[in-house]
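The values are calculated or read from the model by the stated rules, or taken from the named source; none is laboratory data. Every value quoted in this text rests on a predicted model; they were computed, and no experiment measured them. Quick reminder, even Gly has a Cβ in these numbers, built from the backbone with ideal geometry, and neighbours come from all protein chains shown.
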Amino acid sequence: MVTTADGRAAPLHPFAEQGPADGQYPNRLQREAFYPVAYRWMRFSRRMDERLFELFQKGYAKGTVTTGIGNEATSVGLAMPLRAGLDVVSVLHRDLASHLILGAKPYDIFCQYLANAESLTHAREGNCHYGNAHMRRFPMISHLGKMLSLVVGGTWSARRDGQPAFGVTVIGDGGTSNGEFHESLNVASVLRVPVIFLIENNHYAFSTPTSAQYRCRRLSDRAAGYAIEGATIDGTDPWQVYSTICDWLEAMDEDLMPRLLECDTLRLQGHAAYDKATYVDPAQLEAWRARDPLPKARLLAAEIGGLSQSQIAAIETGIDDEIEEAVKRAIAVGRPSPTMVPINTYARGGPARIKPYRASRVKNGDAVNQALDYLLENDPRAVLLGLDIGTYGSAFKTCKGLLERHGAERVIDMPLCESAGIGFALGASQVGSRPIYEFQFADFGTEACTQVGLNCGTWFFRSGHEAPLLLRLPCGGGVTMGAFHSGEFEGLWSRFPGLKLLYPATAQETFEAILAGYFDPNPCLVFEHKLLYWSKSGDIDFDGNLASLWNPRTYCQGDDLTIVAFGAMVHESLQAAAKSERSIEVINPFVLQPLAIAPIVESVRKTGRLLVVQESGETQGLGDRIISLVSQRCHGTLKTPPRLVSAPDLPVPFAPELEGQTRPNWEKIDLAIEETCWDD
């Protein structure tokens, strides 16, 4: 059984693994004991990389095969002190040795690279993008810098739970040019999260030399800007890497501050198997080969570790035999079948019922506040993150009083870094927390497009692990804030698989959307229209049934026309319907993704007409998709062509006279009603 340092069982799962105990914190190895262990892992990694390269050349290994040849000393040294299942880790494509030390099995890795039926990710994800989220070894994505903040969030969550966990996250020299590298360092420093940011500086980012990446003398010099310790060491010396990591883990246990470690390491092959690295000066490459860490480690395993040549040979033979057996087994596995491989975008689960809640005469903004208060009060896992949500109570005061009621450890003002903020939340969600992140405006969510759409949205598909986090987006126009504070962007987010989108219009729906999104095991985005925060009110009568919340909302029945609207457009549509002589049915899909189209289709088959109303521009929202789906299913029953009422494809104007001209209202909807019902 894997246990944490305080004796509790670590999270277990069918994917659970256990790494070796040799040299794990706080049990440090002496040099004579270290080198035999380190050499074995370095040799194992080197031989596996060589076999993967050969398998690529023979057409067995798929995708971009990158090797860690030359990087083994850094990869081994950084991983040996860590505790699988407790410490939070994200390593890169040249860190095969780290995966092995932390519990990955050679056979599973070969299957992953062959993309066969027993692949670690069920052949759903690229060859080097594996990990084990259940054991806190997060699978990487190719967007450089995006994994750093996850380790910060995961480590923070573990420490919040009283676990003595550390984080280690790896980035290349090129990746340090990425904005999230700096965002993550800053967050870790501000929140005092004990994470080692390790830079593997192999002097090239694909073909771009470090001279084109930065001008500081050492990348570790950047630590000073975040008031943390930094160092540059020889990454070809596994003992120096291991000793530094051990020293820093001891220091971080005292001060909880992150560190920045630059390892001067090597890449003795091209970026990937297809790259011959002709851009590297042959003399430079020859000098690097003279620094190859593997022969040196072999020599020191004998000289310091006391191994005889026959013992070393026996270790090497054993490694070769184990690898060849794993290759033989992996090659014999069949190809994945689309009918057998689980292709699930969404995780399933969550409670069916929770504590009921009732309140009278509640405005939408108060409904947000009461929902957040309900969650913080009833679930100790809940944490609220965002900009100015603490003392200030958030930009629209929807978080007012929550800091005073629940404390600074539950209501956390984050630095201004939306991308790292979402990465932090995703990482925290993997280690026992249930984060609620507020974007100050929905428009600012675009700062975190990769994290939300590609990391959060695909997490369950790639890792098999739930990603329960709730993202709140104050959105919409009508409050004279101009182009950068008035967007909705539901059309943008609906294009990313794996996300769930909810857009309430009433106080009841607002309360329910936040609870439904929070308890769902997937990343959920709740759109909160700013104009409705304080302009609309109603009662909340929530019976505790979560399963019933994920359905469209029908406000009035009708036989002449179906209107589909969401957000503030629900109220504009209801006003137009009330003034019209037509018999109109008004529906809010409520859940915009995954969209339940069946109730809308049923309504249109009854009325024969469809009018979709959206505040977003004509091609920016979901109206065209709804019209397309309904048209496909109702082409024989439609009496007139479906119509869309929307804003024009323009940025939202600032002046109220201009915004009012472009934004849909009940008068424009009333005109569209008559035009849609022209045949009567």
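For PHE484, all conditions in the list (1) modelled with pLDDT of 95 or more; (2) more than 30 Å from GLY131 (Cα to Cα); (3) surrounded by fewer than 23 Cβ atoms within 10 Å (Cβ to Cβ) hold save one; what is the number of the exception?
Result: PHE484 fails condition (1) only.
Are any residues in the range 636-671 closer than 16 Å to PHE566 by Cβ, part of a helix (DSSP H, G or I) and touching a Lys or Arg at 6+ places or on another chain (Cβ under 8 Å), and if so, which ones?
TRP666
What do you reckon, is PHE138 of a type in the set (Phe, Trp, Tyr) and within 17 Å of the chain's Cα centre (by Cα)? Step through it out loud before you land on a result.
Working: of a type in the set (Phe, Trp, Tyr): yes; within 17 Å of the chain's Cα centre (by Cα): yes.
Criteria met by PHE138.
Does the range 394-407 include one or more residues that are within 23 Å of the chain's Cα centre (by Cα), in contact (Cβ under 8 Å) with a residue 40 or more places away in the chain and more than 23 Å from GLY350 (Cβ to Cβ)?
No, there is no match, as no residue in the range 394-407 is within 23 Å of the chain's Cα centre (by Cα), in contact (Cβ under 8 Å) with a residue 40 or more places away in the chain and more than 23 Å from GLY350 (Cβ to Cβ).
Among (1) in a strand (DSSP E or B); (2) modelled with pLDDT under 95, there is one condition VAL612 misses while meeting the rest; what is its number?
Here VAL612 meets the rest and fails (2).
For the range 23-53, how many residues meet the condition of being under 33 Å from the mean Cα position of the chain (by Cα) and part of a helix (DSSP H, G or I)?
13
Filter the range 499-530 down to the residues that are part of a strand (DSSP E or B), closer than 22 Å to ASP379 by Cα and either assigned by TED's automatic domain parsing to the domain that holds GLY623 or not aliphatic (A, V, I, L, M) (or both) and list them by number.
LYS500, CYS524
Can you pull out every residue in the range 95-150 that is more than 21 Å from PHE56 (Cβ to Cβ), touching a Gly at 6+ places or on another chain (Cβ under 6 Å) and not in a loop (DSSP other than H, G, I, E, B)?
ILE101, MET135, ARG137, SER149, LEU150, listed by residue number.
For the range 429-462, which positions are part of a strand (DSSP E or B) and surrounded by fewer than 24 Cβ atoms within 10 Å (Cβ to Cβ)?
ARG434
Please work out if ALA326 is out of contact with any Ser or Thr (no Cβ under 8 Å at 6 or more places or on another chain), farther than 30 Å from ALA38 by Cβ and modelled with pLDDT of 95 or more.
Taking the combined requirement at face value, the residue does not satisfy it.
Within the range 625-634, is there a residue that is modelled with pLDDT under 95, part of a helix (DSSP H, G or I) and in contact with a strand residue (DSSP E or B) (Cβ under 6 Å, 6 or more places away or on another chain)?
No, the range 625-634 has no match at all.
Considering the range 480-498 alone, what residues qualify as being in a loop (DSSP other than H, G, I, E, B) and of a type in the set (D, E, K, R)?
GLU488, ARG495
What's the number of the only condition in (1) polar (S, T, N, Q); (2) closer than 21 Å to ILE69 by Cα; (3) buried (at least 23 other Cβ atoms within 10 Å of the Cβ); (4) at pLDDT below 95 that SER119 fails to meet?
All conditions pass for SER119, except number (2).
Each row is one residue, and each column tells you yes or no for (1) surrounded by 18 or more Cβ atoms within 10 Å (Cβ to Cβ); (2) over 30 Å from ASP108 (Cβ atoms); (3) touching a helix residue (DSSP H, G or I) at 6+ places or on another chain (Cβ under 7 Å); (4) of a type outside the set (Gly, Ala, Ser).
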site: ASP275; (1), (2), (3), (4): no, no, no, yes
site: THR278; (1), (2), (3), (4): no, yes, no, yes
site: GLN284; (1), (2), (3), (4): no, yes, no, yes
site: GLU303; (1), (2), (3), (4): no, yes, no, yes
site: SER310; (1), (2), (3), (4): no, yes, no, no
site: GLY349; (1), (2), (3), (4): no, no, no, no
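Can you name the residue in the range 258-268 that is of a type in the set (A, V, I, L, M, F, W, C) and under 16 Å from LEU148 (Cβ atoms) and is also surrounded by the most Cβ atoms within 10 Å (Cβ to Cβ) among such residues?
Checked the range 258-268; the qualifying residue surrounded by the most Cβ atoms within 10 Å (Cβ to Cβ) is CYS263.
Looking at the range 580-593, can you tell me whether even one residue there is part of a helix (DSSP H, G or I) and crowded, with 18+ Cβ neighbours inside 10 Å?
no
On the given criteria, is LYS62 among the basic types (Lys, Arg) and free of Cβ contacts under 8 Å to residues at least 24 places away in the same chain?
Here the answer is no, as LYS62 does not meet what is asked.
Can you confirm whether the range 196-206 contains a residue that is assigned to a helix (DSSP H, G or I) and within 18 Å of THR265 (Cβ to Cβ)? Full working, then the answer.
Within the range 196-206, the subset assigned to a helix (DSSP H, G or I) is none.
Among the residues of the range 196-206, not one is assigned to a helix (DSSP H, G or I) and within 18 Å of THR265 (Cβ to Cβ), which makes the answer no.
Could you look through the range 366-414, keep only residues that are of a type in the set (Gly, Ala, Ser) and touching a Phe, Trp or Tyr at 6+ places or on another chain (Cβ under 9 Å), and pick out the one that is surrounded by the most Cβ atoms within 10 Å (Cβ to Cβ)? It would help to see each step written out before you state the result.
Here is the first cut: in the range 366-414, the residues of a type in the set (Gly, Ala, Ser) are 367, 371, 382, 386, 390, 393-395, 401, 407-408.
Narrowing the set further to residues that are touching a Phe, Trp or Tyr at 6+ places or on another chain (Cβ under 9 Å) leaves 367, 371, 382, 386, 395.
Working: ALA367: 29, ALA371: 26, ALA382: 20, GLY386: 24, ALA395: 18.
If we take residues in the range 366-414 being of a type in the set (Gly, Ala, Ser) and touching a Phe, Trp or Tyr at 6+ places or on another chain (Cβ under 9 Å), then ALA367 is surrounded by the most Cβ atoms within 10 Å (Cβ to Cβ).
Applying the selection to the range 180-195, what residues are in a loop (DSSP other than H, G, I, E, B) and crowded, with 20+ Cβ neighbours inside 10 Å?
VAL193, PRO194
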